[in-house]
Ligand SMILES: C[S@@+](CC[C@H](N)C(=O)[O-])C[C@H]1O[C@@H](n2cnc3c(N)ncnc32)[C@H](O)[C@@H]1O
Ligand code: SF4
Ligand code: SF4
């Protein structure tokens, strides 16, 4: 565990999680995926965390609390209490610290939106990053979705990638997707494939939709380990066949795990035999139900072997192999580019694309579900996009904020920290990238 000896008065803490009143004015609750159970806080503690907004210095937070509670005993009493609270939260990885404020960065409208249109799913994959299941009552209504589609088009969004849960489970899916198409935006759909009949494949073709189907095993014995008792493999294959028969260019997406790592060559071969067009390897993120199955994470040396394998497959298959994380660095050479500390993180979340959750929250991507996000129910998407505290915080991150392996890695100028999802899932947003096999590689190269 991180041991915090000194919190610096000049630093800017950020508490990214929600704070809810418990019903009693003096009692607040906060929770996230890193807490074994919700934490109860009194009003003063909640006030401190609310002020930890990434743009207020620690010394100013203490000053504000003293103004709010003039009879609480002054600086000698208040400062140690604030420091103790922040120390405890920091040790639990619940507060992010930077030496600079998270000032808004100029940003354009997003090109693409990942729209998780429902959290309902007909499957219960063990690894599901969003923990999809029966669905939520407070999901956006049909009329709100149609209104939102108009707003996104007017704002300049070019593509909507529908996901979920299982998007095809939503009875009004085609009403919403057709509206999106009519408005001139491209339609993509991420689906588990099991609900795709020839009619649905035809309907999707009318939308000119790009379809990605999740297939995490080449045969039932492997696929079904991830979906115990659900006997979904055959339906998934039939769904892919229906799409291909209709003329779709299908992408197969496979989440890499210890369950299927040895099966990857077979999944690629099956993808080709089925007539799909592209294969995409998806790094496993231990979040949602995946958090309960951390043992599915593949050791980094083996991830590198699979990336090398797929890299080598290019040219040997007619399939398109989607770009692989850290593929550029496979040769282990040292990166020639100079480091510019102000380079933004590589992630396009909150800049090129955003995610809308089933209940209307706007996030960078679904891996960050659980943070205190702003919602399209209470403001326009445009307002949320420009003003959201979380999105602005994320946009302001720079390579100079990174610690650990990344801060000394020669590839940092080119990779800019890569995807932070696994780090976030493990509570260490700024640390060395926990899904990266490269730093080990470059350290070896330096010794040669
Ligand atoms: C949550 S699913 C929703 C769409 C659809 N139901 C499906 O399974 O494709 C969206 C994407 O997240 C991927 N996914 C699920 N769990 C994941 C995890 N733990 N780590 C990384 N990706 C994950 C799926 O493979 C899929 O590509
Ligand atoms: S990964 Fe997709 S298919 Fe599996 S439970 Fe989650 S939403 Fe459903
Ligand atoms: S260690 Fe960090 S900077 Fe280096 S390649 Fe990996 S993610 Fe990129």
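The values are calculated or read from the model by the stated rules, or taken from the named source; none is laboratory data. If you're wondering where the values come from, they're calculated on a predicted model, not measured in any experiment. Because the Cβ atoms are built from the backbone with ideal geometry, glycine has one as well, and the counts that use them run over all protein chains shown.
In the set 253, 239, 217, 247, only one residue is in the same structural domain as residue 290 (by the TED database), surrounded by fewer than 17 Cβ atoms within 10 Å (Cβ to Cβ) and at pLDDT 95 or above; that residue is 247.
Return the residue satisfying two criteria in turn: it lies in the stretch 107-121 and is surrounded by 16 or more Cβ atoms within 10 Å (Cβ to Cβ) and over 14 Å from residue 163 (Cβ atoms), and of such residues it is nearest to ligand 2 (Cβ to nearest atom). If we take residues in the stretch 107-121 being surrounded by 16 or more Cβ atoms within 10 Å (Cβ to Cβ) and over 14 Å from residue 163 (Cβ atoms), then 110 is nearest to ligand 2 (Cβ to nearest atom). Considering the stretch 310-345, the residues that are under 26 Å from the mean Cα position of the chain (by Cα) and in a helix (DSSP H, G or I) include one that is surrounded by the most Cβ atoms within 10 Å (Cβ to Cβ), namely 329. For the residues 191, 175, 142, the requirement of being at pLDDT 95 or above and touching a helix residue (DSSP H, G or I) at 6+ places or on another chain (Cβ under 6 Å) singles out 191. Within the set 211, 303, 244, the sole residue that is over 30 Å from residue 426 (Cα atoms) and assigned to a helix (DSSP H, G or I) turns out to be 244. Checking the structure you have, find out if any residue of the stretch 373-390 is closer than 24 Å to residue 166 by Cα, within 16 Å of ligand 1 (Cβ to nearest atom), touching a residue at least 40 places away in the same chain (Cβ under 8 Å) and buried (at least 20 other Cβ atoms within 10 Å of the Cβ). Looking for residues that are closer than 24 Å to residue 166 by Cα, within 16 Å of ligand 1 (Cβ to nearest atom), touching a residue at least 40 places away in the same chain (Cβ under 8 Å) and buried (at least 20 other Cβ atoms within 10 Å of the Cβ), one finds none in the stretch 373-390, hence no.
If the condition is being closer than 16 Å to residue 124 by Cα and assigned to a helix (DSSP H, G or I), then the stretch 267-295 contributes 288, 289, 290, 291, 292, 293. Taking the conditions exactly as written (part of a loop (DSSP other than H, G, I, E, B) and surrounded by fewer than 21 Cβ atoms within 10 Å (Cβ to Cβ)), does residue 199 satisfy them or not? Criteria not met by residue 199. Scan the stretch 404-412 and give yes if some residue there is within 16 Å of ligand 1 (Cβ to nearest atom) and at pLDDT below 95, otherwise no. For the stretch 404-412, residues within 16 Å of ligand 1 (Cβ to nearest atom) and at pLDDT below 95: absent. Suppose the filter is in contact with a strand residue (DSSP E or B) (Cβ under 6 Å, 6 or more places away or on another chain), away from ligand 3 (no atom under 16 Å from the Cβ) and more than 30 Å from residue 140 (Cβ to Cβ); does residue 97 pass it? Criteria met by residue 97. Quick one: residue 423 ticks every box in (1) buried (at least 19 other Cβ atoms within 10 Å of the Cβ); (2) within 22 Å of residue 113 (Cβ to Cβ); (3) away from ligand 2 (no atom under 16 Å from the Cβ) bar one, so which box is it? Unmet condition: (2).
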